[in-house]
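Q: I have a structure I would like to understand better, so I am pasting it below and will then ask my questions one at a time.
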Amino acid sequence: MSVMDDKIPAKSLNQSSTQSNGAPPQSRNKVPFIIGVAGGTASGKTTVCNVIISRLHDRRVVLINQDSFYHCFSDEQSANPQDYNFDHPDSFDTELLLSCVETLKKGQSFNIPDYDYKTHKKSGPGRMVNPSDVIILEGILVLHDERVRDQMNIKIFVDSDSDVRLGRRIKRDTVERGRNIQYVLDQYDKHVKPSFEEFILPSKKHADIIIPWGADNDVAIDLIVQHIRTKLGQHDLCKIYQNLFVIPSTFQIRGMHTLIRDAKTRKHDFVFYADRLIRLVVEHGLGHLPFTEKQIITPTESIYTGVVFCKRLCGVSIIRSGESMENALRACCKGIKIGKVLIQREGNGRQLIYEKLPKDISSRQVLLLDPVLASGDSAMEAISLLLSKGVSESNIIFLNLIAAPEGIHAVCRQYPRLKIVTSEIDAGLNEHSRVIPGMGDFGDRYFGTGSNASAPFLPKN
């Protein structure tokens, strides 16, 4: 398998569950994981898709063949089918394919056309597919159109030897489609081979993963399935934004969240468990720093190949809640410099009131600290300040305990190259822009500055 930068017939399997009346399941708001599988004719795409589906047997999977979206022949084309190039991008109704994907992403069913390879027209009532956990788009040119590629979470190119592909095509077209060998060879020389070199092979550069030898490459397919399972276990927003990271949930983490979110939790317990969670988030955030490999000699005089992380770091806390995260950062990074920014609400926006940052911050990796990401206004004001000081967007890692989808959308859309690391994503914001379910005013609860510091703190969000 080569990793770049980090057909089932018409009766193909649709594992989407249905209700007793045949309607799609209700309350499906999850964004599906979309896989694109491209490659030359008879490269083994079908078999690769079959294996992926079989190994995701516990998930709802729908496979969409690009071949179902061929334009229908006109009467003139029907008279001379040998002159038609089925491997050219213009032969497909890409607009209809995009409509299909977008409809399924909205949680609605879509009727996929039945294409008859002998008459070259649509036939029958079509095939109704339901929203699914996983959508596989398979076809020779699914990686050609940028609009289709943009719908995909992972892009795969199945790479096979040209002689092997020709042999498979001859067998398929003569047995399954009733064509004679000479017709297949003439079509291959006139259309298939030139189109492969002009359109299909160049689309290989867009692939995230290249699979040599097709379905015979068990190792590659196993890695792909493991990757898909990992992504399916993530929050839907992590599938949309590749720069968003949620630390893996455990019963310990859920337990700590239960305690710090509880309005009855006393200050000393709140601080204790908040500090534990903050430490986990900081450690996870440090794992996203650039590193270099290093070999060392152990006390047993053995060689150990490890890594050394970037040492030019600094923290920047958004006053005042962000200051609660400073001790955990200092405990993990001895002697680290920490800057501060104070941002206050000004009308419908935010205004920078105070900043004190290391003079050489432009040359450092920056860990931005704020326990709660709500609307994202304060975070974006702080990020804008860092950028104005010469900090590279890709050198910023934003750490928080909880995040609202509204804040994630705002920050990730505005700054797609920074990283956000959080421990949980909440439901959203209420009419007062407070995170729901949230944990109340974090600063008041952590520093004991509420109206009654000894009493349980009632949540303000």
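The values are calculated or read from the model by the stated rules, or taken from the named source; none is laboratory data. Everything quoted here is computed from the prediction, not taken from an experiment. For neighbour counting, all protein chains shown are included, and Cβ atoms are generated from backbone atoms with ideal geometry for every residue, glycine included.
Q: Please go through the stretch 411-437 and give me each residue that is surrounded by 13 or more Cβ atoms within 10 Å (Cβ to Cβ) and assigned to a helix (DSSP H, G or I), ordered by number.
A: If the condition is that a residue be surrounded by 13 or more Cβ atoms within 10 Å (Cβ to Cβ) and assigned to a helix (DSSP H, G or I), then V411, C412, Q414 are the ones that fit.
Q: Can you list the helices (runs of 4 or more DSSP H) found entirely within the stretch 171-252 that contain at least 2 residues being within 17 Å of T41 (Cα to Cα)?
A: So the answer is 181-187.
Q: Check T230 against each of (1) of a type in the set (S, T, Y); (2) exposed (fewer than 14 other Cβ atoms within 10 Å of the Cβ); (3) modelled with pLDDT of 80 or more and name the one condition it does not meet.
A: Only one criterion is unmet by T230, namely (3).
Q: Which members of the stretch 356-367 meet the condition of being part of a strand (DSSP E or B) and more than 20 Å from F447 (Cβ to Cβ)?
A: Q365, V366, L367
Q: Any idea which of (1) part of a helix (DSSP H, G or I); (2) buried (at least 18 other Cβ atoms within 10 Å of the Cβ) is the one G440 doesn't satisfy?
A: (1)
Q: When you scan the stretch 115-124, do you find a residue that is assigned by TED's automatic domain parsing to the domain that holds D218 and either closer than 29 Å to L232 by Cβ or modelled with pLDDT of 90 or more (or both), even just one?
A: No, that holds for no residue.
Q: Another question, if that's okay. Please state which one of P25, P32 is at pLDDT below 90 and buried (at least 16 other Cβ atoms within 10 Å of the Cβ).
A: Unique residue meeting the criteria: P32.
Q: While we're here: Condition first: under 19 Å from the mean Cα position of the chain (by Cα), crowded, with 18+ Cβ neighbours inside 10 Å and at pLDDT below 90. Now tell me which residues in the stretch 189-226 satisfy that.
A: Selection gives I221, I224.
Q: Could you look through the stretch 383-410, keep only residues that are β-branched (V, I, T) and not in a helix (DSSP H, G or I), and pick out the one that is surrounded by the most Cβ atoms within 10 Å (Cβ to Cβ)?
A: Applying the filter and picking the extreme gives I397.
Q: If you scan the stretch 300-319, which residues turn out to be loosely packed, with under 10 Cβ neighbours inside 10 Å and not in a strand (DSSP E or B)?
A: Matches in the stretch 300-319: T300, E301, S302.
Q: For the stretch 83-90, check the following and say yes or no: at least one residue is over 30 Å from S132 (Cβ atoms) and assigned to a helix (DSSP H, G or I).
A: yes
Q: Could you list, in sequence order, all residues of the stretch 254-276 that are surrounded by fewer than 13 Cβ atoms within 10 Å (Cβ to Cβ) and of a type in the set (K, R)?
A: R254, K264
Q: Something else: What is the number of the single condition among (1) under 26 Å from the mean Cα position of the chain (by Cα); (2) crowded, with 19+ Cβ neighbours inside 10 Å; (3) assigned to a loop (DSSP other than H, G, I, E, B) that R59 does not meet?
A: The one condition R59 does not meet is (2).
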